[in-house]
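The structure appears right after this line, and notes come after that.
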Protein chains: 2
Amino acid sequence: MHESARGRKSKLSVNKPPTLADVARLAGVSVPTASRALNGGVRGKDSGSPELRLRVLDAADALGYAVNPAAQTTKGGRARTVALLVSDIEDFGSATIISGVMHAAEKRGVSVAVRTTLDDPLREIKLLSALRGERHRAVVIATARTTDAHREQALEAQLRTLDEHGTRVVIVGDSDLDFPAVTVDNHESSRLLADALARSGKRRFAILAAPPIEITSRDRVHGFLQGLAEHDIAVPESNVVHQAFSRDGGYAAIDELGDRIRELDVIAAMSDAMAVGAIARLRELGIESPRDLEVTGFDHVPMLGDVLPRFSTVEVPLEAFGEAALSLALDEGLSDPSARIALYGTPIVHGEPIVR
Amino acid sequence: MHESARGRKSKLSVNKPPTLADVARLAGVSVPTASRALNGGVRGKDSGSPELRLRVLDAADALGYAVNPAAQTTKGGRARTVALLVSDIEDFGSATIISGVMHAAEKRGVSVAVRTTLDDPLREIKLLSALRGERHRAVVIATARTTDAHREQALEAQLRTLDEHGTRVVIVGDSDLDFPAVTVDNHESSRLLADALARSGKRRFAILAAPPIEITSRDRVHGFLQGLAEHDIAVPESNVVHQAFSRDGGYAAIDELGDRIRELDVIAAMSDAMAVGAIARLRELGIESPRDLEVTGFDHVPMLGDVLPRFSTVEVPLEAFGEAALSLALDEGLSDPSARIALYGTPIVHGEPIVR
DNA sequence: CCCTTTAAGGATAGCGTTATCCGACTGCAA
DNA sequence: TTGCAGTCGGATAACGCTATCCTTAAAGGG
């Protein structure tokens, strides 16, 4: 029957990976014993006689055995896995958070399943629904949180279910959701950035922000405005422009500002990505950033520090976000919904970090 | 015992996610029938009476059922999953390839497991060994390939085993490994870049490259040198500097060049990351890139095009890499080890793409 | 009206693990 | 010698799912 399949050389035949049963057979022990030998044994501390243990290890090695995590999950009801939800891997911030989570995950021997929502709330819900079936140890939500009550409630319902099913939930960023969260002081570090800019003599500002429902952007705007207000600087309503929180949004925002650009000292973008888009559009209009007016950002994409030497921004410890999130996700005693890990941004003004 | 755990509201109790058995019970059918109803049925085309099918779907919906992929994998012996090996997610190239693979994977209903090797060959082998147990449909290798025979053979052995066990193997980039691969014409597009630079009057070049064993960098260097040779331009051996293929490598390379910098028209970095590091170091030395000499790159990080307007580089279709790799990994008829998908780079000289 | 074909849903088995239970053996004190 | 606690390895079961087989019933032809 399978004669034809295993016909010629062994190259074409699809033989199966070795299973624990193969290892056990080779070592001359039972399957559960082989399992105990490989896993260090749940029984007290030991796992059978050392001699036998060695025989199993040798057999596993000889066969090139690798445990099948799917079977482990089926049996144990829980995967050694953390799911991570981001909007888009290509986004700098997401990529850095992913990196942080993965580094921390490796140390703990869990692997990370990255899923992208592409900023689609519906897709986000569907993904979370699918995650329910995957029995992850935890889910880390690192997508943008909003003030849209309807949307957040739908999200919360999904997360609540996951939590009840034993998958820990962690939120990255500020939100009203009642789950453990990692936050950064967007408001305060933005205020400090504005303060420093005001001190350096800047007076006329425009702000490039995400749509008002995005909490991160909103907090940064508020902090920035407050920092300016402390220097008696007001920003006209029309100088606060809301566009997509991306390179293209920054580009479009410049056009929305129109002629008001000529009367500005600073265009403060609430993300580095927006700042880059703004710089690109300004250059097309013949306006150079540090020369004619100053464009500032937020996030601190390291590459920009190299090519825009006196660029001002706020360094957000995104890599640390990832590690903190995983700590909340996996460490016992931090499962309280009110658990918070607060991190701090570092304003960088004209290339120099501001030490607090 | 767990009285205290399930004490108060149901909030604290960990109930289990619904299984297919729960759905079947609610719908009043057997478990296999529920499975058939949900999966469209393998039997010919149908899956039971439409009335019953609807009942099952309703029940699943009511319970918020999501299939458990681990159980599916255990049963079927194969996961609906593709593993993707990169060196580092934070690296721009890797992030873009991941994005391409994920987008393509979503269309095909498979999910992607990203693993990072952190440029450690040992870790790479260990990871591949673990992947054997995970029964992925395919593995895409997007780490740097080298000319180190020992290292490549160890890799090939691992990949061969995976292949024999039914996990398709796809390589991203040039290599001597006998597996389906996605390639880009590094040599030719590098030659075209050099040609264009020579035509614009540049004569004195230095080259910043990765260590010679890295195939991608090597091909780009060769192409570049050939392009220059066609204009009777020779690059002294000492002007070809080998450092890490990263921002820091570019930075260090400038110091290695030392005083020879003063006599150069172009410093051609074989990656955008190296170019950025070089630009940073040059600025510290008081040398500005487009003004005093020209630094060029390779890869086309979009952000650089915005902030360095007349930057020269080669656009590598990394997103397309991902899609092509997934096509080789999943489409039947492309499993031949000699299958190749060849993609083309687009030189961008002083901000303008060169149309071939 | 009986036999045959087809369809449809249920029963069963098995994927690779590991937790739980059980039996056998060891060693030691009574 | 008997009794008993303590070890250690094997047998068994179960996780959730789907492929395979089997039973039952309905439909259709002679």
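The values are calculated or read from the model by the stated rules, or taken from the named source; none is laboratory data. All figures in this text were calculated on a predicted structure; none of them were measured in a lab. Neighbour counts are summed over all protein chains in view; Cβ atoms, including those assigned to glycine, are modelled from backbone coordinates with ideal geometry.
Scan segment B:53-62 residue by residue and report those that are within 14 Å of chain A (Cβ to nearest Cβ) and within 13 Å of DNA strand D (Cβ to nearest atom). Break it down into steps so the answer makes sense when it comes.
Filtering segment B:53-62 for residues within 14 Å of chain A (Cβ to nearest Cβ) gives B:60-62.
B:Ala60, the sole residue that qualifies.
Does A:Ala105 satisfy the criteria of being out of contact with any Lys or Arg (no Cβ under 9 Å at 6 or more places or on another chain), aliphatic (A, V, I, L, M) and modelled with pLDDT of 95 or more?
Numbers: out of contact with any Lys or Arg (no Cβ under 9 Å at 6 or more places or on another chain): yes; aliphatic (A, V, I, L, M): yes; modelled with pLDDT of 95 or more: no.
No; evaluated as a whole, the condition is false for this residue.
Residues being under 13 Å from the mean Cα position of the chain (by Cα), within 8 Å of another protein chain (Cβ to nearest Cβ), touching a residue at least 40 places away in the same chain (Cβ under 8 Å) and buried (at least 22 other Cβ atoms within 10 Å of the Cβ): count how many of those fall in segment A:78-134.
Final tally of qualifying residues: 3.
So which residues in segment B:110-146 are in contact with a Ser or Thr (Cβ under 7 Å, 6 or more places away or on another chain) and in a loop (DSSP other than H, G, I, E, B), if there are any at all? First the steps, then the outcome.
Going through segment B:110-146, the residues in contact with a Ser or Thr (Cβ under 7 Å, 6 or more places away or on another chain) turn out to be B:110-111, B:113, B:116-119, B:123-124, B:127, B:132, B:135-139, B:142-145.
Within segment B:110-146, B:Val110, B:Thr117, B:Leu118, B:Asp119, B:Arg135, B:His136, B:Arg137, B:Ala142, B:Thr143, B:Ala144, B:Arg145 meet the criteria.
To keep it simple, each residue is scored yes or no on (1) modelled with pLDDT of 95 or more; (2) not assigned by TED's automatic domain parsing to the domain that holds B:His103.
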position	(1), (2)
B:Leu257	yes, yes
B:Ala278	yes, yes
B:Arg291	no, yes
B:Ser335	no, no
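Answer yes or no as to whether B:Ala278 is within 24 Å of the chain's Cα centre (by Cα) and touching a residue at least 40 places away in the same chain (Cβ under 8 Å). Steps first, answer last, please.
On the way: within 24 Å of the chain's Cα centre (by Cα): no; touching a residue at least 40 places away in the same chain (Cβ under 8 Å): yes.
It is false that B:Ala278 is within 24 Å of the chain's Cα centre (by Cα) and touching a residue at least 40 places away in the same chain (Cβ under 8 Å).
Of all residues in segment B:63-92, which are assigned to a loop (DSSP other than H, G, I, E, B) and within 15 Å of DNA strand D (Cβ to nearest atom)? Spell out the reasoning first.
Going through segment B:63-92, the residues assigned to a loop (DSSP other than H, G, I, E, B) turn out to be B:64-68, B:77-80, B:87-91.
Passing the criteria: B:Gly64, B:Tyr65, B:Ala66, B:Val67, B:Asn68, B:Gly77, B:Arg78, B:Ala79, B:Arg80.
Got a number for residues in segment B:147-200 being free of Cβ contacts under 8 Å to residues at least 12 places away in the same chain and either closer than 30 Å to B:Glu332 by Cα or outside any helix (DSSP H, G or I) (or both)?
If we filter segment B:147-200 for residues that are free of Cβ contacts under 8 Å to residues at least 12 places away in the same chain, which is where we start, we get B:149-150, B:153, B:157, B:160, B:164.
Add one more test, that the residue is either closer than 30 Å to B:Glu332 by Cα or outside any helix (DSSP H, G or I) (or both), and what stays is B:153, B:157, B:160, B:164.
So the count comes out to 4.
I'm checking my understanding of the structure. Among residues of segment B:300-316 that are under 16 Å from the mean Cα position of the chain (by Cα) and more than 14 Å from chain A (Cβ to nearest Cβ), which one is surrounded by the fewest Cβ atoms within 10 Å (Cβ to Cβ)? If you could, list the steps in order and put the result at the bottom.
Of all residues in segment B:300-316, those under 16 Å from the mean Cα position of the chain (by Cα) come to B:300-301, B:315-316.
When the remaining residues are screened for being more than 14 Å from chain A (Cβ to nearest Cβ), the result is B:315-316.
Numbers: B:Glu315: 19, B:Val316: 25.
Result: B:Glu315.
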